[in-house]
1. Out of (1) within 22 Å of L4 (Cα to Cα); (2) open to solvent by 30 Å² or more (accessible area, probe 1.4 Å); (3) in a strand (DSSP E or B), what's the single condition that is false for I154?
2. How many residues are without any contact (Cβ under 8 Å) to a residue 40 or more places away in the chain and within 16 Å of the ligand (Cβ to nearest atom) when one looks only at the range 99-133?
3. Within the range 72-124, how many residues are out of contact with any Asp or Glu (no Cβ under 9 Å at 6 or more places or on another chain), of a type in the set (D, E, K, R) and assigned to a strand (DSSP E or B)?
4. Provide a single number: the residues in the range 177-194 that are in contact (Cβ under 8 Å) with a residue 40 or more places away in the chain and assigned to a strand (DSSP E or B).
5. Has the range 33-52 got at least one residue that is free of Cβ contacts under 8 Å to residues at least 24 places away in the same chain and closer than 22 Å to Q159 by Cα?
6. What residue, of E41, E88, is open to solvent by 50 Å² or more (accessible area, probe 1.4 Å) and not hydrophobic (A, V, I, L, M, F, W, C)?
7. When you check G169 against the structure, is it buried (at least 19 other Cβ atoms within 10 Å of the Cβ) and not in a strand (DSSP E or B), yes or no?
Amino acid sequence: MNFLEERILKDGQVKPGNVLKVDSFLNHQMDISLMEEIGREFKRRFGHKEITKVLTIEASGIGIACFVAKEFGVPMVFAKKSKSVNLEGEMLVAEVESFTHKNRNQVIVAKKFLSPEDKVLIIDDFLANGCALQGLISITESAGATVQGLGIAIEKGFQMGGGVLRNLGYHLESLAIVESMNDETGEILFREQK
Ligand code: 5GP
């Protein structure tokens, strides 16, 4: 079992509706030593690839993506969920359905921050049905940039996103893959990974 799986077993909580709550260490209160370790682990897994930008989506991907970007020594860009008055110039836009909030959002990146030369590593905290990653892939590809990899902290392997994205040929690395979880007993089982 790796460091993240151990932490999920210790502090994660299984909620009804296939939701795993990790807000005491990952996406509300953040354990910075753990975030650093996550950053180093993604560097180990994607370090052989050329990466010029790390891309994520607000809000909960930002913390992890910062530590990954620091390891690679490149900027981190996050897609914004609403059009703020500060956004100017041409925009790259995708529609994303939120798994946790069950609504649809437009996500936006200013075109000036992704160019056709960029080699992009996309990072997020969770992978469920894959809508968030599909949106980020679509934004990257509409900029003419290249998706070099997808890095996820926690994939829920019983939902379809991971299978679909691997079948599409993307290099997807998830640090923990939850195979099953039970909100009555609290039991969490992980997929064995090499
Ligand atoms: P997807 O788009 O793959 O269906 O869902 C991924 C997004 O939904 C992530 O950005 C994450 O913020 C949120 N999410 C999905 N499943 C969970 C979950 O079990 N727990 C938490 N905390 N967030 C989740």
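1. Going through the list (1) within 22 Å of L4 (Cα to Cα); (2) open to solvent by 30 Å² or more (accessible area, probe 1.4 Å); (3) in a strand (DSSP E or B), I154 breaks only (2).
2. 12
3. Counting residues in the range 72-124 that are out of contact with any Asp or Glu (no Cβ under 9 Å at 6 or more places or on another chain), of a type in the set (D, E, K, R) and assigned to a strand (DSSP E or B) gives 3.
4. Adding up the residues that qualify gives 4.
5. no
6. After applying the criteria, what remains is E88.
7. no
Rundown of residues vs (1) aromatic (F, W, Y); (2) buried (at least 18 other Cβ atoms within 10 Å of the Cβ); (3) more than 16 Å from the chain's Cα centre (by Cα), yes/no style:
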| site | (1), (2), (3) |
| --- | --- |
| N27 | no, yes, no |
| D31 | no, no, yes |
| M35 | no, yes, no |
| G47 | no, no, yes |
| V54 | no, yes, no |
| F67 | yes, yes, no |
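The values are calculated or read from the model by the stated rules, or taken from the named source; none is laboratory data. As the structure is a prediction and not an experimental result, all values here were calculated from the model. All Cβ positions, even for glycine, are placed from backbone atoms using ideal geometry, and neighbour counts span all protein chains on display. Each accessible area value is taken on the protein alone, full model and side chains, heavy atoms only, with ligands, DNA and RNA left out. Shrake-Rupley method; radii C 1.70, N 1.55, O 1.52, S 1.80 Å.
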